[in-house]
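Everything on this sheet refers to the single structure shown next.
The values are calculated or read from the model by the stated rules, or taken from the named source; none is laboratory data. Bear in mind the structure is a predicted one, so any value in this text is a computation, not a measurement. Quick reminder, even Gly has a Cβ in these numbers, built from the backbone with ideal geometry, and neighbours come from all protein chains shown. For accessibility, only protein heavy atoms count, side chains too; no ligands or nucleic acids. Shrake-Rupley method; radii C 1.70, N 1.55, O 1.52, S 1.80 Å.
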Amino acid sequence: MEMQTAFQSSVYEQTVINIIRKLPPERILQLIDFARFLEFQIVQKSSDDWLDKQETETKEGIRASEEKWDKLFVKPEAKHVMREMAHEALEDYRAGRTTDIAITKDGRLAPA
C-alpha cells in the first residue's frame, strides 16, 4: 500500500509540474500562493482545531470563532494570501466576471 501511495504522490507531483510549465510567470506565482494557503490551512487545522464541527452557532461559539479568525488574520502568511485574493476579486469585478448575490428566505446566499 505504501508503494501505491508513493506512486500516486509521484503522479500528482508530475501533474503539477506539467501544469506549471504551461503557465505564464504571474500565474505560477498565484499557484504558489494558493499552495501556500492550502499548506497553511493544514498546519493551522492540526495545531489549533479551529474547524471544530461540533461548535454550535451560539453567541459563545460565534465569539470563539471570531477570535480564531482574528488570530489567523494576524499571521503574515494570511495577510499575503488575503491581499492576493482581494486583488483577484477586484480583477474579476473589473472584468465583469462577478455575480450579484442575494440572501434567500432561509438565510443562504444565492445569485441575485
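General observations
- Fully extended contour minus Cα-Cα distance, from Leu29 to Lys59, at 0.36 nm per residue: 6.9 nm
- Distance between the C-alpha centres of region 69-102 and region 13-29: 22 Å, rounded to the whole angstrom.
- With the simple spin-label model, which puts each label point 7 Å out from Cα in the Cβ direction, the Arg36 to Ala86 separation comes to 1.6 nm.
- For Lys59, a cut-off of 20 angstrom between C-alpha atoms picks up these lysines, skipping any fewer than 8 places away in its own chain: Lys68, Lys71.
- Computed with a 1.4 Å probe over protein heavy atoms only, the accessible area of His80 comes to about 80 Å².
- Annotation: Asp106 carries an accessible surface of approximately 110 Å², with a 1.4 Å probe and no ligand, DNA or RNA atoms counted.
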